[in-house]
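The structure under discussion appears below in the form of structure tokens.
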């Protein structure tokens, strides 16, 4: 493959894409973290780690920006100011930020001679990897569709000609997706406190026990990152002239649950997750405390 690829950020998304791509040897990566664990991650994935953003961008004709929401604009501004962005290079901003932020990022990149593409990653990158659904928008979206397809992405849809169309779709969708998680947590906290959790779940029908377990799992594992994304969703709503009343509550719930797990393993089962969230003791915990053997 002759295409030169630059990655800005090497967290979960960057590592997942690099591991799945046949282009990892052609990829140059810069991450704001420059410690030994990050260098080890570069080596493990077979990419070329760079000590500066300019070194990573030098000669690249496609750039994947994969940073946290709060770093999306600094990353775009730094790339534009680096002097290393090749004329006509496709700058694919794959970060979860509001349409207004993406338009500001686009202005910086386009002024530096690059071609900015608004990319919305519409699902978790694990386990889909390069099969994750991508929405693209902006004047260069068609060229980016071809370029991203050439490096292995398989589910790409151009959804609009304007910067912000893709990100608006994702941001507005997140009102529902992340909001349902937060509502589930609030419902289960109330049901647990009232001692009626089984009855509440039964009254909803279907597989709501499994859904509640899954939603709490996602919030405990990713609540901090989801809260940051929902801050951008709130900004999107404000840009549209709407007060983010429900989204504000989602931010609080996501952030609170995301702070609970730390480095501990994920509790197994809905009751164990509720016990972590509420601070109560499960029957299994009591058995361990009292020295009783757990059932085989």
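Each value in this text was obtained by applying a stated rule to the coordinates, not by laboratory testing. Computed from a predicted model, the values in this text were never measured in an experiment. Because the Cβ atoms are built from the backbone with ideal geometry, glycine has one as well, and the counts that use them run over all protein chains shown.
When the helix-only estimate is applied to the chain (DSSP H runs of n ≥ 4, each -39,500 (n - 2.57), divided by the residue count), what is the mean residue ellipticity at 222 nm, nearest 500 deg cm²/dmol? After summing the helix terms and dividing by residue count, I get -17000 deg cm²/dmol.
Separation of the range 183-203 and the range 99-143 by C-alpha centroid, Å? Going from one Cα centre to the other spans 39 Å. As a proxy for reagent exposure, 122, 176 were ordered by neighbouring Cβ count within 10 angstrom, fewest first; the result is 176, 122.
Here each label is just a point 7 Å from Cα along the line to Cβ, and for residue 186 and residue 210 those points are 2.7 nm apart. P(r) for the range 5-163, from all Cα pairs and a bin width of 5 Å, is 2, 10, 21, 25, 23, 14, 5, 1, 0 %, short bins first. Considering every alpha-carbon pair of the range 201-273, the percent of pairs per 10 Å bin, from zero through the bin containing the longest distance, is 20, 38, 30, 12, 0.
Over all alpha-carbon pairs in the chain, figure out the percentage whose distance exceeds 31 Å. It works out to 36 percent of all Cα pairs. With springs connecting C-alpha atoms under 10 Å apart, model the chain as a Gaussian network and identify which of 275, 141, 80 has the largest mean-square fluctuation. Evaluated over the chain, the most mobile residue of the options is 275.
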